[in-house]
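Notes for the one structure printed next.
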Amino acid sequence: MSFYEDRVLPHIIDKACSMGQVMKLRSQIVPRARGRVLEVGMGSGINLEFYDQSQVEMVYGLEPSEGMRRKALPNLNRSPITVEWLDLPGEKIPLEDNSVDTVLLTFTLCTIPDWHAALLQMKRVLKPGGDLLFLEHGEAPLETVRKWQHRITPGWKMFAGGCHLNRQIADLIRHAGFEIQELENLYMPNAPKIAGFIYKGRATKPV
């Protein structure tokens, strides 16, 4: 891991992912988590303040970046939620089959190299009928925006931790065998359209 990835990128990501409108969106999805939660790409623990302590037993925080786990320490120390770090990538989730009640994805699926393998792992560890809660940015519906997303993504990935601007999030989730129960799409206010088209919702693992 380079100096940039370990020491610089965590600060950039933390800042970009904790702006006002982003936090408002997080506050709408994270409190819906229940039971034993797997948060994929936990990052600096930004979501911890939004968990409903009365509904959450504990959180497995999957985060392969040592720099991000280090950045998370202040948030961990402030939170009453029990967190167990898992320091492997999303494609290798070290949990038993059917062992979590909720999987939480917030601005993570855009960065995972093998998104399909990662989603299959999430489905494997999620209990039948369990919820996949997601808040992601991705491919926009406007053709002019999509063209720019496709043009910019190769360069964007190089300095943004592998982030893809042009993934069709809902299709990826369906392709992995989840059933989408709720889906809301919107452009995030005050954000560039190429990076601000949001997919927010809930999917379930078939029973």
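Could you say which residue among 177, 138 is crowded, with 21+ Cβ neighbours inside 10 Å and small (Gly, Ala, Ser)? Before the answer, list the steps.
Values: 177 fails: crowded, with 21+ Cβ neighbours inside 10 Å.
Testing whether each residue is crowded, with 21+ Cβ neighbours inside 10 Å and small (Gly, Ala, Ser) leaves just 138.
Kindly provide the set of residues from the stretch 1-41 that are touching a Gly at 6+ places or on another chain (Cβ under 7 Å), open to solvent by less than 10 Å² (accessible area, probe 1.4 Å) and either assigned to a loop (DSSP other than H, G, I, E, B) or at pLDDT below 75 (or both), ordered by number.
Scanning the stretch 1-41 gives a single hit, 10.
Would you pick out the residues in the stretch 52-68 that are open to solvent by 20 Å² or more (accessible area, probe 1.4 Å), under 15 Å from the mean Cα position of the chain (by Cα) and closer than 14 Å to residue 83 by Cα?
60
Of all residues in the stretch 164-174, count the ones that are surrounded by fewer than 20 Cβ atoms within 10 Å (Cβ to Cβ) and in a loop (DSSP other than H, G, I, E, B). Working first, answer last.
Here is the first cut: in the stretch 164-174, the residues surrounded by fewer than 20 Cβ atoms within 10 Å (Cβ to Cβ) are 168, 170-171, 174.
Next, only the ones that are in a loop (DSSP other than H, G, I, E, B) stay: 168.
The qualifying residues number 1.
Output the residue which, of all residues in the stretch 46-79 that are assigned to a loop (DSSP other than H, G, I, E, B) and either of a type in the set (Asp, Glu) or modelled with pLDDT under 95 (or both), is farthest from residue 115 (Cα to Cα). Working first, answer last.
Here is the first cut: in the stretch 46-79, the ones assigned to a loop (DSSP other than H, G, I, E, B) are 51-55, 63-65, 72, 79.
Okay, now just the ones that are also either of a type in the set (Asp, Glu) or modelled with pLDDT under 95 (or both), so 52, 63-65, 72.
Working: 52: 28, 63: 15, 64: 15, 65: 17, 72: 24 Å.
Restricting to residues being assigned to a loop (DSSP other than H, G, I, E, B) and either of a type in the set (Asp, Glu) or modelled with pLDDT under 95 (or both), the top hit is 52.
Looking only at the stretch 187-202, count how many residues are within 17 Å of the chain's Cα centre (by Cα) and part of a strand (DSSP E or B). Give the steps one after another, and end with the answer.
Taking the stretch 187-202 as the starting set, the residues that turn out to be within 17 Å of the chain's Cα centre (by Cα) are 188, 195-202.
Next, only the ones that are part of a strand (DSSP E or B) stay: 197-202.
So the answer is 6.
The values are calculated or read from the model by the stated rules, or taken from the named source; none is laboratory data. Owing to the predicted nature of the structure, the values given are computational and were not obtained by experimental measurement. As a convention, Cβ positions derive from the backbone with ideal geometry for all residues, glycine included, and neighbour counts pool all protein chains shown. Ligands, DNA and RNA are stripped out before the accessible areas are found, and what is left, the full protein with its side chains, is counted by its heavy atoms. Shrake-Rupley method; radii C 1.70, N 1.55, O 1.52, S 1.80 Å.
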